[in-house]
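The values are calculated or read from the model by the stated rules, or taken from the named source; none is laboratory data. Keep in mind that what you see is a predicted model, and the values were worked out from it rather than measured. We place every Cβ from the backbone using ideal geometry, glycine too, and count neighbours over all the protein chains shown. Note: accessible area is taken over every heavy atom of the protein model, side chains too, but ligands, DNA and RNA are not part of it. Shrake-Rupley method; radii C 1.70, N 1.55, O 1.52, S 1.80 Å.
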Amino acid sequence: DYLGALTLFLCLLAYLSGLTLGQSAGFSDLRVLGLFARGALLLGLFIVVEKRAAQPMSDLTLFRNLEFSTSLVTGYLTFVAVAGALILMPFYLENVLGYSTRQVGLLIAVLPISMGVIAPIAGSLSDRLGTRIITVAGLVILLIGYAVLSTLSAQTTALTFVLLLLPIGVGMGIFQSPNNSTIMGAASPDKLGIVSGMLALNRTLGQTTGIAVMGAVWAALTLYFAGPAAISNAAGAAAPAQVAALQYTFIVMAAVILVALLLAIGSLIKAPPRRSPAD
């Protein structure tokens, strides 16, 4: 499916170029909007090509499965929020709280460590209770986590920071394993390679989008709160402006997770219950 591969490549190129240019030129810039428009047109062309291809690189019939589609979207949204948080934490910890680079790395390490500890437990629970209820529980914890992170201030201690960041790692660890299981479980054995590729692409696009968009939101808010004394570099703005911008950016991330949670709850309600082999 060479034509499908080419149109997907050009679509992603336009989208990612728009994200990159948008960080410096602003997302209202006509060049950026033009790149996003090209990406949308190429996505439409890619869908047309895939429907007509004898051996498509992406089986679009998979998206007829409600759980599959919802799980991809919710996974994308969680990666947007997590990547956005990770890219902003060093600015806060170094510029506002004054920690060294080594200390920043150790403080942020609580996120992957908690994910690594919780993910196997969540996977085991999802085998017993089902994936959907566990993914919803993970999203609820993530929502709480981003809400409490919006309370970070210039007086936050290292211990408080770790305790506030911990729910993000726990929530992501609970969510990711069963969500990935749902996505992979929606495919027949002969389509596992396609679905695995979709999952990897979904994760990468979510992280890339989160870094660009949440970084831009924080930078714009920082310059706004800095007022007339604002400089072109948000990282060099006064600490109060950076903190206020960070708090509001975490509220935006919480809103993103809320959308994911509502989608997951809707899928939980609408999707038919799964039956065990014994039934």
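Observations on the structure shown:
- Relative intensity, log₁₀ I(q)/I(0), of the chain from a Debye sum that treats every alpha carbon as a point, q = 0.12, 0.14, 0.15 Å⁻¹: -0.83, -1.07, -1.18
- Percentage relative contact order, the chain, counting C-alpha pairs under 8 Å, at least six apart: 26
- The fraction of all Cα pairs in region 172-219 landing in successive 10 Å bins from 0 to the largest distance is 23, 40, 26, 10, 1, given as whole percents.
- Stokes-Einstein translational diffusion, region 77-131 - Kirkwood Rh over all Cα pairs, 1.002 mPa s, 20 °C, in µm²/s: 164
- Over 19 Å [Cα-Cα, region 35-122], rounded percent: 65
- Percent carbon-and-sulfur accessible area, the chain, ignoring ligands, DNA and RNA, probe 1.4 Å: 68
- Part-to-part distance (alpha-carbon centres) for region 189-262 and region 124-143, which is given in Å: 24
- Rg/Rg_globular for region 102-187, with Rg_globular taken as 2.2 N^0.38 Å and Rg from C-alpha atoms: 1.20
- Magnitude of the charge dipole, the chain, Cβ model with Lys/Arg +1 and Asp/Glu -1, debye to 20: 300
- Projected area averaged over orientations for region 21-84, convex hull of C-alpha atoms, nm²: 5.8
- Kirkwood-based shape ratio for region 145-258, expressed as Rg/Rh from alpha carbons: 1.11
- For region 1-145, accessible area per residue (1.4 Å probe, heavy atoms of protein chains only), Å²: 53
- Among complete DSSP H helices in the chain, those whose alpha-carbon atoms stretch at least 18 Å along the helix's long axis and whose mean Kyte-Doolittle hydropathy reaches 1.0 are 2-25, 30-52, 66-91, 110-129, 131-149, 158-185, 192-226, 239-270.
- By average C-beta atoms within 10 angstrom, highest first, the peptides 250-262, 20-32, 71-83: 71-83, 250-262, 20-32
- With all pairs of separate Cα atoms included, region 1-150 yields a Kirkwood hydrodynamic radius of 19.0 Å.
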